[in-house]
Amino acid sequence: MNWSDSLALGVERMDADHRELVELYQALAAASPAELPEALDRFIGRATTHFDIENRWMERVDFPGCHKAEHDRVLAVMHEVRKRVDDGDAFFARRLVEELPAWLEHHVGSMDAALAFHLEQVGFDFERECATREASATTTCGAQSDLTVSSETSASA
């Protein structure tokens with residue numbers, strides 16, 4: 001999977017996150033068995049941060065909950081896969097690598113596109129929202145991050 005303009009939604013904060021997720025996916029897809037746990041942690045960590053940001057935006061504009069529910073479902077799958085990797089079973093990690101491109105392309109092209117359109121229609125102020133979040137130190141609101149999910153966190157999820 002490579003970044004392409006077909007994934008661009010015209011909302012720079014979303015597009016930057018999606019570009020970063022594609023880059024992390026590429027690292028995950030290329031990971032050796034020894035590199036797999038860390039690559040998976042980096043992808044899960046960044047996806048979690050991205051989903052949290054989108055979820056807050058959706059909450060602020062009363063966007064339908066099915067989008068958040070999809071975030072929750074895919075994160076649950078990723079955490080289960082990570083747990084299996086800890087148990088020495090990489091089969092489902094490789095399956096995840098096979099399935100993620102189609103899921104991400106569909107999710108961005110449908111759910112995220114609808115969210116981007118809605119945010120634009122209601123005049124959502126990304127700069128103000130992000131300034132508020134940064135002031136409270138809860139997130140960098142879409143800025144690139146080097147977050148990881150620890151093995152302990154993954155195993156308990």
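The values are calculated or read from the model by the stated rules, or taken from the named source; none is laboratory data. As the structure is a prediction and not an experimental result, all values here were calculated from the model. Virtual Cβ from ideal backbone geometry, glycine too; neighbours counted across all protein chains shown.
Checked against the criterion of being touching a helix residue (DSSP H, G or I) at 6+ places or on another chain (Cβ under 7 Å), at negative phi and loosely packed, with under 15 Cβ neighbours inside 10 Å, the candidates ASP112, ASP72, ASP86, ASP125 yield just one match: ASP86. Within region 41-59, not a single residue is closer than 26 Å to GLU127 by Cα, free of Cβ contacts under 8 Å to residues at least 12 places away in the same chain and not in a helix (DSSP H, G or I).
Inspection of region 23-40 identifies no residue that is among the small types (Gly, Ala, Ser) and under 30 Å from GLN121 (Cβ atoms).
Residues that are part of a helix (DSSP H, G or I), more than 24 Å from LEU7 (Cβ to Cβ) and among the acidic types (Asp, Glu) were ranked within region 70-115; the one that is nearest to the chain's Cα centre (by Cα) is GLU80. For region 31-44, the criterion of being among the β-branched types (Val, Ile, Thr), under 16 Å from the mean Cα position of the chain (by Cα) and modelled with pLDDT of 95 or more is met by at least one residue.
Within region 30-62, which residues are among the small types (Gly, Ala, Ser) and in contact with a Pro (Cβ under 9 Å, 6 or more places away or on another chain)? ALA31 - this is the single residue of region 30-62 that is among the small types (Gly, Ala, Ser) and in contact with a Pro (Cβ under 9 Å, 6 or more places away or on another chain). Return yes or no: is GLU35 surrounded by 14 or more Cβ atoms within 10 Å (Cβ to Cβ) and under 27 Å from PHE91 (Cβ atoms)? So GLU35 fails the test. Within the option set ASP41, ASP62, ASP15, being of a type in the set (D, E, K, R) and surrounded by fewer than 16 Cβ atoms within 10 Å (Cβ to Cβ) holds for one residue only, ASP62. Filtering region 17-40 to residues that are of a type in the set (S, T, N, Q) and outside any helix (DSSP H, G or I) leaves only SER32.
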